[in-house]
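Here is the structure we will look at.
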Amino acid sequence: MDRFDSMRVFVRIVELKSFTKAADDLQLPRATVTHTIQQLEKRLGVRLLHRTTRHVSATLDGDAYFHRCVQLLSDMEETESAFSQSSVRPKGKLRVDLQGTLGMHFVMPHIGRFFELYPEIELEIGMGDRLVDLVREGIDCVLRAGEPRDSSMVGRRVAQLSQVTCASAGYLALHGKPRTVEEFRAHRAVNYASATGKVLPFEFIVDDQPRQFQLRASATVSHADAYVACCEAGLGFIQLPRYHVERQLAEGSLCEVLAKYRPAPMPVSVLYPHQRQLSPRVRVFVDWVAERMRQAH
């Protein structure tokens, strides 16, 4: 195993905090991974890792070496891609994680076109709303809605989704249609809990200033389809990107309220770890997703 391959093994052990997980991720025998680190430490003349039966962590020397390895490996991939066919015809495995409703609405209906353009890329797609540790889970990039809050991630803004506040026609027939934000506050809602468990507030722009507040909840959910279903059942108001209820609004089963006080558009971004250069595989996927989102609007 050459020096760069040894660096890759060491980096994945530190990221995953496990020899076994690194071996599985790299598809190498556990014994090969152990031998590689032993030879690396022998060549460098320092101990890189603290090992116990349950935990692996970098020593002070190992931590310094880890950061240098990450930069060197990123620089090498970037340099090689500039002088190889991989920059024109990227290939290899690409692990992505898509927020569920965004993925099903904007990406998956057109995924066949991506493979027509890049047939040598092998996509591994995860979907959901959970918080993802990109480095530890070996994921190359994620598609997420909302303002990024993880400072270890950088990315590209690919869309701004208009948002609406709506309720079922049946609910409005029973309880009336609010015409001001103050009237709205007397109504009931379906609350949405984020992946962290925090209930998201309703937001409106009043006199160019954002205002946020909670309503009394008939139900609290953590899945976008359940959120809409509860609204359709007449349980109260919801606030979400318009694309998710476009059909119901057109049919009249759901009705928008307070349109002149709509919240700011919801940003959508593709995020990836800041310490890594964008590989050709990630770059073409990000460009393709951005184009899909642009065409959808």
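The values are calculated or read from the model by the stated rules, or taken from the named source; none is laboratory data. Quick caveat, the model's predicted, so the values are computed rather than measured. Cβ placement follows ideal geometry from the backbone for every residue including glycine, while neighbour counts extend to all protein chains displayed. These area figures cover heavy atoms from the full protein model, side chains too; ligands, DNA and RNA do not enter into them. Shrake-Rupley method; radii C 1.70, N 1.55, O 1.52, S 1.80 Å.
Miscellaneous remarks
- Filtered residue count, the stretch 219-261, keeping only those that are out of contact with any helix residue (DSSP H, G or I) (no Cβ under 9 Å at 6 or more places or on another chain) and in contact (Cβ under 8 Å) with a residue 60 or more places away in the chain: 3
- Cβ-Cβ contacts under 8 Å between residues 6 or more apart (or on different chains), taken from a first residue in the stretch 193-213 that is open to solvent by 40 Å² or more (accessible area, probe 1.4 Å) to a second residue that is of a type in the set (Asp, Glu), are listed as Ala195/Asp129; Pro210/Glu203; Arg211/Glu203; Gln212/Glu203.
- Pairs where the first residue, in the stretch 101-122, is under 12 Å from Trp288 (Cα atoms) and the second is surrounded by 12 or more Cβ atoms within 10 Å (Cβ to Cβ) and hydroxyl-bearing (Ser, Thr, Tyr), C-beta under 9 Å, 6+ apart: Phe106/Tyr243
- Scan of the stretch 144-188 for residues that are over 30 Å from Ala290 (Cβ atoms), small (Gly, Ala, Ser) and open to solvent by less than 40 Å² (accessible area, probe 1.4 Å), ordered by number: Ala167, Ser168, Gly176
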